[in-house]
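The values are calculated or read from the model by the stated rules, or taken from the named source; none is laboratory data. Because the structure is predicted, anything quoted here is derived from the model rather than measured. Quick reminder, even Gly has a Cβ in these numbers, built from the backbone with ideal geometry, and neighbours come from all protein chains shown.
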Amino acid sequence: MRLYDKVFPPKQMVLSSGKTVEERFTRIPLILTGLLFMMILSIHITGFRISTLMNRGNEFFVILNQMIPPRTAYVSQIIQPLLDTIKMSLLGSFLGSILAIPFSIIAAGNIVKNKWILMTVRLFLSLIRTLPTLITALIATYIFGLGTMAGMAAISIFTFAYVGKQLYEQIETVDMGAFEAMEAMGANRFYSFLTAVVPFVLPAYCSTCLFCLEGNVRYASILGYVGAGGLGLILNEKIGWREYDSVGMILLVLFMAVFLIEGISYYIRKKLT
Amino acid sequence: MIEFSHVSKEYSNGVKGLDDVTLHIGQGEFVAIIGLSGAGKSTLLRSINRMHEITAGTLQVNGTDVASLNGKKLRSFRRGIGMIFQSFHLVGRTTVIKNVLMSKVPAMPFWRVVPGIFTKEEKIDALEALDKVGILEKAYMRADQLSGGQQQRVALARTLAQHPEIILADEPVAALDPVTARQVMGDFAKINKELNITILLNIHHVELALAYAERIIGIRSGKIVFDGKASSVDKAVLAGIYGEEMPEGVEELYEAV
Amino acid sequence: MIEFSHVSKEYSNGVKGLDDVTLHIGQGEFVAIIGLSGAGKSTLLRSINRMHEITAGTLQVNGTDVASLNGKKLRSFRRGIGMIFQSFHLVGRTTVIKNVLMSKVPAMPFWRVVPGIFTKEEKIDALEALDKVGILEKAYMRADQLSGGQQQRVALARTLAQHPEIILADEPVAALDPVTARQVMGDFAKINKELNITILLNIHHVELALAYAERIIGIRSGKIVFDGKASSVDKAVLAGIYGEEMPEGVEELYEAV
Amino acid sequence: GCKSDKEDKSIEKLSVYFVPSREPEEIITATEPLKDLLKQQLEDQGFEIGQVEISVGTSYEAVGEALSAGTADIGLIPGGTYVLYDDGAEVILTATRSGLNKDSEVPKDWNDGTATEASDQQAVSYRSLIIAGPSEKGQELAAKVNAGEELTWEDLNSASWSIMSSSSPAGYIYPALWLQEKYGHSITDLTLAVQSDSYGSAMARLASGQVDIMLTYADARRDYTEKWGSEYGRTASIWEETNVIGVTPAIYNDTVCVSKSSENMNDDLKEAIQNAFIQIAGTDAGKEVISIYSHEGYQPAKESDYDQERAAQKLIQTLNAQ
Amino acid sequence: MSEAIKQQLEQEKSSWFYKVGVTFLLAILLGWSSSTFQINRVSDNGLDIAKNIISGIFHPDRRLLFNFTKTGISYLVLETICIAFLGTIVGAVLAVPLSFFSAVNIVPKPIALAVRWVIMAIRTIPAFIYGLMFIRVTGPGAFAGVLTMSVCSIGMLSKMFIETIEDLDVRIIESLDASGCNTFQKIRYGIIPQLSPDFISTVIYRFDMNLRDATILGLVGAGGIGAPLIFAMSSYRWNEVGAILTGLIICILIIEFFSTKIRVRLARG
Ligand SMILES: Nc1ncnc2c1ncn2[C@@H]1O[C@H](COP(=O)(O)OP(=O)(O)OP(=O)(O)O)[C@@H](O)[C@H]1O
Ligand SMILES: Nc1ncnc2c1ncn2[C@@H]1O[C@H](COP(=O)(O)OP(=O)(O)OP(=O)(O)O)[C@@H](O)[C@H]1O
Ligand SMILES: [Mg+2]
Ligand SMILES: [Mg+2]
C-alpha cells in the first residue's frame, strides 16, 4: 500500500484557515482492477456466456417440470430413509456441537492469551473445515461400514469444524466486562467464564447448532453418494432411473421436514433470546 | 485500612502509572479521586485489589501485603473487596437477581456453579442488597431492560451482596446523566454511612465529588498532588490538579466552589 | 426568522402535540426549549422543517409559508435548515468526511450522486466545517471509531457544511457525558455567535440550557408557558414549566439559579 | 433436430462427455490426447472442428441429460444408460475389449485359483460376477459352490452383500436378473445388502470382510490384483481368496452415443464420428489413448443390439415399483 | 427478612421445569437417533484401510502436485477458484433482490414470508440436481459449475443479507430527509453505505465456503477439481487424493487468510 501511495500521491487540500489536509488517493481503482481481472479470467476459464443462458435458459426447467406433480404414492417408501437422515443429522450435529465447545474456548483470543495455542487450534479447525465432507464420509464408511453411522460421523466432523469456528468468533465478541467483574470478585477464570461468558454466547451457540442441524438434514442427501445412507441413497437411485416425479416427492418431503425443523428451531431461538 | 507506601507502577511500555504514592485510607472513609484523563486514577484503584501489579513500594490492605498474595489466596482476598465499573459490567441477558447472585459464585462448589443452583439464603441476601439500593421490584427483570442508573445500582447491589469492607468504583457515574449520577452518588454516600464500608471512587465530575465525598485525592501524572477534606478544595487546588489543561466547563465550576 | 402564529398540531390519535403556539424567533438567536417529556418539544422543532405537519395556524420561515411547500420546493427549503438529532444519525461505517459530504448530496446532479463523486471545493468546504468543530484530524477515520461527543460534532459539521440559516437540534447532548455535553453546547454557542446562525435546541438539562442559551422557551402540554431571557429564569418559572412532576435533582439546581 | 445440410461442415465446438463405467486409469490426463486425435480424424473426413471439448463426469445421468438436451454431442456411456436415455441419444458404436480366457456360465469354472487372463479375441460384451470374499461366510459359500452344490436362497440371504447403485448394469441390474431367474427373489429382498459408491471401495470392503459378497464386472479382479496385496493388506492372492458364486448373462460394452437434439449433429457427422473412432482404435497411438477409457476398439452398433438390456431394465423397474 | 423481600422471592419464576423439559426432550431425541450408532461393523481391516488412506493423503503424488500444465493440479485449482468466484458473484446478484423482498421492514409480511418460502425451496434442492439441470443448459464443464454454485449460494447469502437489511438504521434516512434529499439520494447515501460492508463481508465468506464445496461439483462433471478428486477417491489412489487435497488446502488457507483480514477490516474499519 505504501508503494501505491507513492505512485498515486495523496491530494493536498488547503483550507481557508491555512491548514492543509492530505487525502489519500482512492483505493477503488485498485480494487476494481483486481475484480475486473478476476472476472475476465473467470469468464474466460469457465466459458461463462450470457447468450447461452438467454437461448437455452428454458432447458433448466425441463427436469423441474418432470418433478411436478410429485409422485405421491412413493411417499410410503420415503419415510424410513427420511427418519434415518434426521436421526443421523441429529446425532451428528449434537456430537459435533458438543465437541466444538472445548476447542472454540481455546481458540478464542479473549480467553486464551497464548498466541501459539490460538494459531494451532485455529489452523486445526480450518484444516478440518477444508477436508471435503465427501472424503470424510467415505473414510468413515471404511471405518464404520456403509450406512448411517458413517453419515453421522461425517456430519459430526463437519459440524464440529463449522460450529467451532462460529463459536470462537462469538466468544471473541463477548463484552469482557462481566468477566473482569467476576475476576475482581475473586472468581477463578473457569468460574468467570461460566457465569460471565456463557450467558452471552449460549443463545448464539444454540442458534448456530440449530442452523447447522437444518443444513445437515439437507446435506445428508449428498452423503448418500458415498453410501452414507438416508434419503441420499434413494435420491441417487431415483435420479439414476430418471424417475423425476419420485425425486420431486423426495424433495417435497425433505422440504417439509426442513420447514418443520426450521419452525421448531425458530421457536427455540426466540425462547432463548 | 489501606496503606500505600512509596508505591510505583510502571507499565511495560515505560509509562509511569503511579509514581511514589504514599497514602493511608482508614476504614469507613469516603474518598473521591480526581484528576485528568491518564493521570493514574484507574491504576491507583486497580492496584488495591491487584487487578494491576505494582512495581515498587508496598501496598497493605487490612495488614495483608497485597503483593504477597497468589492464586487461591488472592481470590479469597478479592472477595472482600467490591469493584464497580464505569460500564456496569453486568450480564445483560439474564435477570437482575442472577447478576447479583454472581457475587456468590466465587465461594460456591463446582457442582452448583455449572447448573447455576443457588440456596434460598443466597437469594434472600441478594434481594436484600437490591432492597438497599432501592430496586427490589426489578429483581426478576432482565438487566438490559433497566436504565443506566438502575444498572449501576444493580452493580452496586452485586458488590454489596459480596459483603465487602472496601468498595472500589472506577468512574461509576461517568456513563450516567447528571440526575441519575446524583442518585447513584447518594447511594454510595448512604451505604458508606450505614454499613461503614470504605469507598474509593474515581470521578471526573468535580462538583459531584465535592458534594458527596468527605475526602478528595487529587492525582496528576501518577503523583498525589492534593489530599484533604472536600471542604478545603478551592480554585487553587483544582488548578493544581488539572493544570492548564483544565477540562472545559471546569472554569464555571469554580464559582460553585 | 421563524413565525408561529396560532399553530396547533394534533396527532392522528388525538394527542395535541402543539396547542395554539404563537412565537417569533429572529435570525441569529440561540433558543433553548425546555419542558417535560412529552410536552411537545420535538413536535415544535419538527414542525419548522415540516418533518411533521401542523394542523392549524400558520408557520412562516423567512417569509415562506411552510405548509405551502411541496416536493422539490420542500426539499430545497429543507436544505437551508440543518437538523441534528440526539443519536447523531451518522453512517458509522464510512469515514467522517463522507458523512459530512452527505450534506452536499441534495444539491448534486444525478450523475455525481450515483458514483459518489465530490468536487474539491465540496471537500474543502466539508473539511472546513470539521475544522470549525475542532475535529479536522479525524476526517478520514471511520465515524463509528469516534467517541459520542466527537460523533455529535461530526453531525454538527455535517449541518454546518449545509450552510443553513437555522439549526434545529433535538436533544443534541442527551447521549453525551456532562463534560462532552458542555463542549458540544460550547460549539453551538460559538457557531451561533460567529456565523450568526439561528439555533433552536431541545434540552433536558436545565443547567446547560441556562448556561449557554440566550433565550429559554418553556413548554408544557403543547403550550408555551414561559418565553424569556435565560437570566430571568427562576424557581417559580421552573416550577411553572415542570409542575409537580419536577425531575429529580432539579431541586438542587434551584440553589444554582 | 438433426440438420442434414451437407454444405455445413464446420463446427465451432464439439462436446464429448465421458463417464467411465470402470475405474479410469489416469483421469486427470485423460482428456487431452483424445482431443487432437478426434479433431485430426474428423478433419480428414472434411469436417472443420473449431474445438473438441472433453468432459469427464462421475454420473451417468449427467451424460444422459446432456445428450438428451443436446449440450453434449458425443457421449461415451454404458449400454444401460443409453437405453434409459434413448429418446435423446442414438447409439453408433459399441466399444470392444479383449475377452477373457474364462467365459463360462458355471461359477465353479472360474475358481481354479489361477488368474483370469485376457484372450486375444475382442469382445463386445462382458459378464458380471457374484464374488464371495475371504470372510468366513464368503468362504463357506465358495466351498459349497466349488463342491458342486447349488446355493439356496437362505445361503445367499444370510451373507452381507455389496451392491452398486440400481442403474449399474454389472453391479445391480444383471445380478438382480440372475437372482430373479435362479431364486425368484428380487435383489431388494436381500436383508444385508449395502450400496457401495464404487467398485474400488466395494473391493476394499470385500477384502476387509465388511461384506461377504460383491457384485462386479468380470475382469474387476484383474484390475485389483495388485492392490489386494498392497492397499487392502491381504497376504494371499486375490485369485485364491475370492470365488465366483454366480455368473450373469452377457452385458453389452460401453457405447459411443450421439445426441439426437444437438444442433451440430447430422447424418454425415454421425458417419464421420463412427469412422473416426474406428480409425483411432486402429492405430497404436490411438489404442494407447482409448485404453485410458479401458476401450480397445469399436464396432458399429444398432438400436436393436440393446433390446435385451431394455427388457432387463423393464423387469427391474417393475420389480422396484412393487 | 422484610415482607417485600419475601414477596419478591415468591415471585421467582421457576425455570427448572423448562430446563428439565428441554433436557428430557433432547435426551429422548438423542436416544431415538442413537440407533444410527452402530459400531458392530467396525473391523480392524477397515481401520487399516483408513490408515492407508490417511498415509496416502500425507504422501501426495508429487508428480501431480508440481505439474503446472493444463492437466496439473494448479490449473484445476485455478479453475475451481474461478468457478467459485463467478458462482459467488452470480449468486450474490440473485440473492440481493430476493433478500430485499423478504425483509419485513421493506415489504409487507405476507410477501416476505412467501419469498422466504421460495428461498427455502431453492435451498432444498441438492447441488447435484442443480448440476443436472444446468448441464442441460450449458453442457458439461465449468460453466455448469458456476451456475450450480450460484444457486447453491443463494440460501445462505440471502439469509445473511436479510439479517443485515432488517438491522438497517432508519434514523439516518430521517436525517437525510431533513436535509432535503429525494428518495434515490436517500437510498444511495442512507442505505447502501450501511449495507455494503456487511454484504461484501458475507459474499467473501461465501466465496470461501464455495471453494470448500467445490468437490460436490465433481458429482456431475461440472468442472474444477471435484471430478478428479472423486475418481481418485473411489478408485483408491490415495496419493493422488493427497496431491489434490494438498493443492486445494493450500489454496483455501491462503484465501481464508486474506478473506478474514478483509472481513475484519470491513467490520472494524
Ligand atoms: N495496560 C497499560 N499499558 C500501558 N500503559 C497503560 C496501561 N493502562 C494505562 N496506561 C497508561 O498509564 C497512565 C495512567 O492510566 P490510568 O488508566 O490510570 O488513567 P486514568 O486516570 O484512569 O485516566 P481516565 O480518566 O482516562 O480513565 C496513562 O498514561 C495510560 O496511558
Ligand atoms: N407520531 C405520533 N403519533 C401520536 N402521538 C405522538 C406522536 N409523536 C409524539 N406524540 C405525542 O405528542 C406529544 C408530544 O410529543 P413530543 O415528542 O413533541 O414530546 P417531547 O417534548 O419531545 O418529549 P421528549 O422530551 O420525551 O422527547 C406526546 O404526548 C407524544 O406522546
Ligand atoms: Mg480510568
Ligand atoms: Mg422529543
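For the range E:164-187, indicate whether the set of residues that are away from every other protein chain (no Cβ under 13 Å) and out of contact with any Ser or Thr (no Cβ under 9 Å at 6 or more places or on another chain) is non-empty.
For the range E:164-187, residues away from every other protein chain (no Cβ under 13 Å) and out of contact with any Ser or Thr (no Cβ under 9 Å at 6 or more places or on another chain): present.
Which one of these is under 19 Å from the mean Cα position of the chain (by Cα), basic (Lys, Arg) and either more than 30 Å from D:Ala143 (Cβ to Cβ) or part of a loop (DSSP other than H, G, I, E, B) (or both): D:Lys102, D:Lys35, D:Lys39?
D:Lys102
Hey, could you check the range C:157-176 for residues that are of a type outside the set (A, V, I, L, M, F, W, C) and not in a helix (DSSP H, G or I) and say which is nearest to the other protein chains (Cβ to nearest Cβ)?
Per the stated criteria, the residue is C:Gln162.
Mind checking whether some residue in the range A:218-239 is assigned by TED's automatic domain parsing to the domain that holds A:Ala108, in contact with a Leu (Cβ under 8 Å, 6 or more places away or on another chain) and free of Cβ contacts under 8 Å to residues at least 12 places away in the same chain?
Yes, the range A:218-239 has at least one match.
Filter the range C:219-238 down to the residues that are within 16 Å of ligand 2 (Cβ to nearest atom), touching a helix residue (DSSP H, G or I) at 6+ places or on another chain (Cβ under 8 Å) and more than 13 Å from C:Ile33 (Cβ to Cβ) and list them by number.
Once the filter is applied, which keeps residues that are within 16 Å of ligand 2 (Cβ to nearest atom), touching a helix residue (DSSP H, G or I) at 6+ places or on another chain (Cβ under 8 Å) and more than 13 Å from C:Ile33 (Cβ to Cβ), the range C:219-238 yields only C:Leu238.
Counting just the residues of the range B:19-56 that are of a type outside the set (A, V, I, L, M, F, W, C), away from chain A (no Cβ under 14 Å) and crowded, with 18+ Cβ neighbours inside 10 Å, which one comes out farthest from ligand 4 (Cβ to nearest atom)?
Here the residue is B:Asp19.
Which pairs have Cβ atoms under 6 Å, sit 6 or more apart or on different chains, and link a residue in the range D:225-248 that is under 20 Å from D:Asp112 (Cβ atoms) and within 12 Å of chain E (Cβ to nearest Cβ) to one that is modelled with pLDDT under 90 and buried (at least 22 other Cβ atoms within 10 Å of the Cβ)?
Filtered contacts from the range D:225-248: D:Trp228/D:Ile238; D:Arg234/D:Ala207; D:Arg234/D:Trp228.
Whether any residue in the range E:91-101 is in contact (Cβ under 8 Å) with a residue 24 or more places away in the chain and more than 24 Å from the chain's Cα centre (by Cα) is what I want to check.
For the range E:91-101, residues in contact (Cβ under 8 Å) with a residue 24 or more places away in the chain and more than 24 Å from the chain's Cα centre (by Cα): absent.
Among the residues that make up the range C:164-175, is at least one of them in contact with an Asp or Glu (Cβ under 8 Å, 6 or more places away or on another chain) and in the same structural domain as C:Leu44 (by TED's automatic domain parsing)?
Within the range C:164-175, one or more residues are in contact with an Asp or Glu (Cβ under 8 Å, 6 or more places away or on another chain) and in the same structural domain as C:Leu44 (by TED's automatic domain parsing).
Looking at the range B:15-58 only, could you name the residues that are within 12 Å of ligand 1 (Cβ to nearest atom) and charged (D, E, K, R)?
B:Lys16, B:Asp19, B:Lys41, B:Arg46, B:Glu53 - these are the residues of the range B:15-58 that are within 12 Å of ligand 1 (Cβ to nearest atom) and charged (D, E, K, R).
Right, D:Ala207: buried (at least 18 other Cβ atoms within 10 Å of the Cβ), over 20 Å from D:Glu240 (Cα atoms) and either without any contact (Cβ under 8 Å) to a residue 40 or more places away in the chain or touching a Pro at 6+ places or on another chain (Cβ under 8 Å) (or both) or not?
So D:Ala207 fails the test.
Look at C:Val154 and say whether it is crowded, with 19+ Cβ neighbours inside 10 Å, more than 16 Å from ligand 3 (Cβ to nearest atom) and part of a loop (DSSP other than H, G, I, E, B).
For C:Val154, the condition - crowded, with 19+ Cβ neighbours inside 10 Å, more than 16 Å from ligand 3 (Cβ to nearest atom) and part of a loop (DSSP other than H, G, I, E, B) - is not met.
Wholly within the range A:7-125, which helices (runs of 4 or more DSSP H) include no fewer than the required count, namely at least 2 residues that are on the phi < 0 side of the Ramachandran plot and in contact (Cβ under 8 Å) with a residue 24 or more places away in the chain?
Because the criterion is at least 2 residues that are on the phi < 0 side of the Ramachandran plot and in contact (Cβ under 8 Å) with a residue 24 or more places away in the chain, the helices (runs of 4 or more DSSP H) in the range A:7-125 that meet it are A:60-67, A:75-106.
It is to be established whether one or more residues within the range D:74-90 are touching a helix residue (DSSP H, G or I) at 6+ places or on another chain (Cβ under 7 Å), farther than 19 Å from D:Ile251 by Cβ and among the aliphatic types (A, V, I, L, M).
So far as the range D:74-90 goes, yes, one or more of its residues are touching a helix residue (DSSP H, G or I) at 6+ places or on another chain (Cβ under 7 Å), farther than 19 Å from D:Ile251 by Cβ and among the aliphatic types (A, V, I, L, M).
Quick check on my filter: what residues within the range A:184-206 are aliphatic (A, V, I, L, M), under 21 Å from the mean Cα position of the chain (by Cα) and buried (at least 19 other Cβ atoms within 10 Å of the Cβ)?
If the condition is that a residue be aliphatic (A, V, I, L, M), under 21 Å from the mean Cα position of the chain (by Cα) and buried (at least 19 other Cβ atoms within 10 Å of the Cβ), then A:Val201, A:Ala204 are the ones that fit.
For B:Gly149, state whether it is at pLDDT 85 or above, in a helix (DSSP H, G or I) and surrounded by fewer than 24 Cβ atoms within 10 Å (Cβ to Cβ).
No, not satisfied.
Considering each of D:Asp112, D:Asp73, D:Asp87, D:Asp120 in turn, give the residue that is modelled with pLDDT of 85 or more and surrounded by fewer than 18 Cβ atoms within 10 Å (Cβ to Cβ).
Criteria check complete, one pass: D:Asp87.
B:Val61: more than 9 Å from chain A (Cβ to nearest Cβ), over 21 Å from A:Thr195 (Cβ atoms) and within 16 Å of ligand 1 (Cβ to nearest atom), yes or no?
So B:Val61 does not fit the description; no.
Hey, B:Ile199 hits all of (1) surrounded by fewer than 24 Cβ atoms within 10 Å (Cβ to Cβ); (2) assigned by TED's automatic domain parsing to the domain that holds B:Val237; (3) more than 16 Å from ligand 3 (Cβ to nearest atom) but one; which does it fall short on?
So B:Ile199 meets the others, but not (1).
What helices (runs of 4 or more DSSP H) completely inside the range C:21-105 contain at least 1 residues that are in contact (Cβ under 8 Å) with a residue 40 or more places away in the chain, on the phi < 0 side of the Ramachandran plot and among the hydrophobic types (A, V, I, L, M, F, W, C)?
Here the list reads C:41-48, C:96-101.
Can D:Leu151 be described as assigned to a helix (DSSP H, G or I), of a type in the set (A, V, I, L, M, F, W, C) and at pLDDT below 90?
Considered against the rule, which asks whether it is assigned to a helix (DSSP H, G or I), of a type in the set (A, V, I, L, M, F, W, C) and at pLDDT below 90, D:Leu151 comes out as no.
Going through the range B:29-50 one residue at a time, which ones are touching a Lys or Arg at 6+ places or on another chain (Cβ under 9 Å) and either more than 12 Å from ligand 3 (Cβ to nearest atom) or of a type in the set (Val, Ile, Thr) (or both)?
Of everything in the range B:29-50, those that are touching a Lys or Arg at 6+ places or on another chain (Cβ under 9 Å) and either more than 12 Å from ligand 3 (Cβ to nearest atom) or of a type in the set (Val, Ile, Thr) (or both) turn out to be B:Glu29, B:Phe30, B:Val31, B:Ala32, B:Ile33, B:Ile34, B:Thr43, B:Ser47, B:Asn49, B:Arg50.
Being at the interface with chain A (Cβ under 10 Å from one of its Cβ atoms), within 16 Å of ligand 3 (Cβ to nearest atom), crowded, with 17+ Cβ neighbours inside 10 Å and modelled with pLDDT under 90: is that true of B:Met83 here?
No, not satisfied.
For the range C:149-175, which positions are closer than 21 Å to C:Lys41 by Cβ and within 16 Å of ligand 1 (Cβ to nearest atom)?
The answer is none; no residue qualifies.
Please give the helices (runs of 4 or more DSSP H) falling wholly within the range E:46-154 in which 1 or more residues are modelled with pLDDT of 90 or more.
E:73-100, E:109-124, E:127-138
Would you pick out the residues in the range A:70-97 that are over 27 Å from the mean Cα position of the chain (by Cα) and among the charged types (D, E, K, R)?
Correct list: A:Arg71 only.
Restricting to the range B:202-218, and then to whatever is among the aliphatic types (A, V, I, L, M), more than 14 Å from B:Ala39 (Cα to Cα) and away from every other protein chain (no Cβ under 14 Å), can you tell me which residue is farthest from ligand 2 (Cβ to nearest atom)?
Taking the candidates together, the pick is B:Ile216.
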